[in-house]
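The values are calculated or read from the model by the stated rules, or taken from the named source; none is laboratory data. Model, not experiment: these values are computed from the prediction. Note that we place each Cβ from the backbone using ideal geometry, even for glycine, and neighbour counts take in every protein chain shown. Accessible surface areas use protein heavy atoms only, side chains included; no ligands, DNA or RNA. Shrake-Rupley method; radii C 1.70, N 1.55, O 1.52, S 1.80 Å.
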Amino acid sequence: MSFSAQQTLASLTKLKETLSGEVVCPGDEGYEHGITRWSDSCVKQAAYVVFPKTNEDVVEAITFAKEQNLELAVYGGGHSFSGSSSTEGLVIHLNKYINYARCDPEKRLLYVGGGATWEIVDKVGMEHGLATVAGSVNHTGVGGLSLGGGYGWLTGRYGMTVDNIVQ
């Protein structure tokens, strides 16, 4: 094994030990889930998929990708038709563990995890009589739709998704 390969293996081992989440590679259980996308044309064979559980896990994954000179992609809902949530480098897959929403009914605010889909957010909102200014389908990721502006059924009355982000 070359010195470079030994360094990569050592860095990967350190990453796996550091994370509270998971790292998978081609052939590992969970890998196919990590690279599957809404559009089959956007699937790329990533070298690594990280399923973070915490913000610190995300930081560690980004650091690893930078040290290894890997292209980086972030998967929120995996609905990108441009393929921006896929790479042959390292994918940070937020949807497995950071797919949640909670509501503060007094403030009429919804708080969402980085991998949340609108399905989760809509369900939590409806429990409190709230509707979201989201897209037209509920299996899109909140992050991706918001970054693109976010046009949906209630946009005419309340503005785009991005107009309704508080923090």
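Using the empirical formula 2.2 N^0.38 Å as the baseline, the Cα radius of gyration of the stretch 1-143 reaches a ratio of 1.16.
For the pair residue 82 and residue 123, a Förster radius of 35 Å applied to the C-beta separation gives a FRET efficiency near 0.80, rounded to the nearest 0.05.
Please give the net charge around residue 24, taking every other residue with its beta carbon less than 11 angstrom from that of residue 24, where Lys and Arg add +1 and Asp and Glu add -1.
Details: positive: 16, 96; negative: 22, 28, 29, 32.
Neighbour charge sum, excluding residue 24 itself: -2.
The HN-Hα couplings worked out from phi for the stretch 130-135 by the Karplus form 6.51 cos²θ - 1.76 cosθ + 1.60 (θ = phi - 60°) are 10, 10, 10, 8, 10, x Hz, whole numbers, x standing for Gly and Pro.
Listed by chain and number, the lysines placed with their C-alpha closer than 26 angstrom to that of residue 96 are 14, 16, 44, 53, 66, 123; residues fewer than eight positions away on the same chain are left out.
Near residue 87, within a Cβ-to-Cβ distance under 15 Å, what is the net charge of the other residues, with Lys and Arg +1 and Asp and Glu -1? Let's see the in-between values first.
Working: positive: 37, 44, 66; negative: 71, 88.
With Lys, Arg at +1 and Asp, Glu at -1, the neighbours total +1.
Applying 1/(1 + (r/R0)^6) with r as the Cβ-Cβ distance of residue 108 and residue 55 and R0 = 22 angstrom yields a FRET efficiency of 0.30. Rounded to whole numbers, the Karplus 3J(HN,Hα) couplings from phi for the stretch 108-116 are 6, 10, 10, 10, 10, x, x, x, 5 Hz, using 6.51 cos²θ - 1.76 cosθ + 1.60 with θ = phi - 60°, and x at Gly and Pro. Within the chain, the longest run free of trypsin sites (Lys or Arg not before Pro) that sit in a DSSP loop with at most 13 other Cβ atoms within 10 Å is 1-106. Pairwise Cα distances in the stretch 128-167 exceed 17 Å for 21 percent of all pairs.
Give me the percent of the accessible area of the stretch 24-103 that comes from carbon and sulfur atoms, probe 1.4 Å, all protein chains in place. Here it works out to 49 percent.
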